[in-house]
1. Rg and Dmax in Å for the range 105-192, alpha carbons only: what are they?
2. Give me the accessible area per residue for the range 245-284, probe 1.4 Å, as a whole number in Å².
3. Assuming 0.36 nm per residue, please report the length gained on full extension of the stretch residue 257 to residue 192 beyond their Cα-Cα distance.
4. As an exercise, identify the trypsin sites (Lys or Arg not before Pro) in the range 1-60 lying in DSSP coil whose Cβ has no more than 10 other Cβ atoms within 10 Å.
5. Sticking with the crude label model, points 7 Å out along Cα→Cβ, report the distance from residue 301 to residue 57 in nm, one decimal please.
6. How would you rank 78-85, 167-174, 270-277, highest first, on the average number of other Cβ atoms within 10 Å across their residues?
7. Tell me, what % of the accessible area of the range 162-320 is carbon and sulfur with a 1.4 angstrom probe?
8. Starting at the first residue of the range 23-33, write each ³J(HN,Hα) from the Karplus equation 6.51 cos²θ - 1.76 cosθ + 1.60 with θ = phi - 60°, in whole Hz, x for Gly and Pro.
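The values are calculated or read from the model by the stated rules, or taken from the named source; none is laboratory data. Only a predicted model underlies this, so the values are computations on that prediction, with no experimental measurement involved. Here Cβ is always computed from backbone atoms with ideal geometry, including for glycine, and neighbour counts include all displayed protein chains. To get the accessible areas, we keep the full protein, side chains included, count just its heavy atoms, and leave off ligands, DNA and RNA. Shrake-Rupley method; radii C 1.70, N 1.55, O 1.52, S 1.80 Å.
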Amino acid sequence: MKKTTIMSLGAREVLDSRGNPTLSARIQLHSGAVGRASVPSGASTGTHEALELRDGDPKRYLGRGVLRAVSNVNNVIAPQVLGLDARRQKDLDKKLIQLDGTPSKNNLGANAILSVSMAAACASAGAVKLPLYDYLGRSESYLLPVPLINILNGGSHADNNLDIQEFMIAPVGASTFSDAIRMSAEVFHNLKKTLKSKGYSTSVGDEGGFAPNLGSDEEALQLILESVQKAGYRPGQDIYLALDVAATELYSEESYVFKKSDGSKRTAEAMIQFYQTLVSRYPILSIEDGLAEDDWRGWKNLTATISGAIPQSRKYIPRYAGLELTKFVIWTAPDEKVDDFYFFMDEVNVITDLFETRFDGEDLADPDTLNNLWQQGSK
């Protein structure tokens, strides 16, 4: 029997950082190696994401319990995967998808399936004594990205009057990851002082960023820049700004409604003009989900307009490939374009889905493809 043979699989209900139930799966291999994985979901979810199976029982966790998904792992999935080789990730994931039998994972739940897929990868990495990133990377070259630190919340993450969901900082001037965290913490604490000095609330939102009521979304950027300077850093050199607009949450009947602030409605063109103004005034490096997930024409115009408007001095920053306009591009139409993209595991269902995703006809799982894409972005 191989040391990576799956000997046991079990799941349980746990709580995520918001106090909501989620699923945690545990796999043990013949070697004794153990892998665990939990699958919390975000406050904002797209319509194309696979089904997160919840119980719907109002007497438990306001209907958000996941005991059905736990049962599916323990009683449906486990008997079918015991004895399989966890290192054969593609075969395992194929088995999980077949067991469910639906495109959106309506039967077993994407949370049940993904937790098992991820736990198997973690266990396999442990069995061969490799860190997970090394085991999955298939390459000797790694690059730890600059973190985007969410320090001021709005949108679905806070009960305030800000429509943009996340205001973040990107400490691109840091020489190490630990320095990046230290710089961000210093800005965070200076932001608290800045808010307090102006009489604003310093309570926090869903994801730990401050959540004051402000005069506008733009004032949030001004307050953050002030805090960056108070911390002793140079905006646009040491630290850049980033936004997660979560614009799908604003989208209604082909308009973007700023319902938390002034109730105004904007077209995609007006949203693009809004971003152009912000980019011209502030050192913004990244705009995530700037338009609704299915506003393809708007995305194409946004990419063409904003990317072309970025000054050359900001176009290529170390460890960053210009201004990101991120979107979940598995759903991108053939004639549409975004600058960059990333994946949430809860959107791709199983690990194999990630490695079989293709970008401009190239396999992302191929190290040469990844290396070439990085070189193109960092020239």
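1. Expressed in Å, the Cα Rg and Dmax of the range 105-192 come to 18.5, 50.
2. On the way: 2090 Å² over 40 residues.
Accessible area per residue: 52 Å².
3. On the way: separation 65, 0.36 × 65 = 23.40 nm, distance 2.91 nm.
20.5 nm is the gain from fully extending residue 257 to residue 192.
4. 59
5. 5.0 nm
6. Sorting 78-85, 167-174, 270-277 by mean packing, highest first, produces 167-174, 270-277, 78-85.
7. Carbon and sulfur: 46 percent of the exposed surface of the range 162-320.
8. These are the phi-based 3J(HN,Hα) values: 10, 10, 9, 10, 10, 10, 9, 4, 6, x, 5 Hz.
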